[in-house]
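Reading through the structure tokens given below for one structure.
What follows is calculated from the coordinates using simple rules that are stated; it is not laboratory data. Just so we're clear, the structure is a prediction, and the values are computed from it rather than from any experiment. Here the Cβ is made from the backbone with ideal geometry for all residues, glycine too, and neighbour counts use every protein chain on show.
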């Protein structure tokens, strides 16, 4: 059964704590500003060339700033056969507002 196409940040945080991969597709300067500890950084523009690095055998949660880039990455990965990939609605901005208020927002 494929993973849901999109989930909210509270649900994503629970899945991340349970062992899902949190894939941060923001640019390096954004990640330097704020990152979720334990997440994996892979800029969206590098996804096609580094597709093989994304595991097919565990849930993958895709995160960006607000959810737009990560939605496009999720669609790309699903179109290329990975049905274990889910977009995190609201991105790191929503995560900082709803899950971990200690994270800076930009």
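Quick check on region 50-106: what does the Kirkwood estimate of hydrodynamic radius come out to from the alpha carbon pairs, in Å? Mind showing how you got there, number by number?
Values: mean 1/r = 0.0838 Å⁻¹.
One decimal place: 11.9 Å for the Kirkwood radius.
Under Stokes-Einstein, with the Kirkwood radius over Cα pairs standing in for Rh, what whole-number D in µm²/s applies to the chain at 25 °C and 0.890 mPa s?
183 µm²/s
Given the -39500 (n - 2.57) contribution per DSSP H run of 4+ residues, what per-residue ellipticity at 222 nm results for the chain, rounded to the nearest 500 deg cm²/dmol?
Details: 4 runs with 35 residues, N = 106.
It lands at -9000 deg cm²/dmol.
For labels at residue 1 and residue 98 in the simple 7 Å Cα→Cβ model, what's the distance in nm?
Rounded to a tenth, the inter-label distance reads 2.2 nm.
If I stretch the segment between residue 66 and residue 52 completely, what's the gain in nm (0.36 nm per residue apart, minus their alpha carbon distance), one decimal? The partial results should precede the final answer.
Working: separation 14, 0.36 × 14 = 5.04 nm, distance 2.53 nm.
Between residue 66 and residue 52, full extension yields 2.5 nm more.
Mean-square fluctuation check for the chain, GNM, Cα pairs under 10 Å: which of 40, 88, 25 is largest?
Answer for the Gaussian network model of the chain: 40.
With an 8 Å cut-off on Cα pairs and a minimum separation of 6 or more residues, tell me the relative contact order of region 6-98 in percent. Walk me through the numbers on the way to the answer.
Working: 142 pairs, mean separation 33.5, N = 93.
Relative contact order here is 36 percent.
Any idea how far apart residue 76 and residue 27 come out in nm if each label point goes 7 Å out from Cα toward Cβ?
1.5 nm
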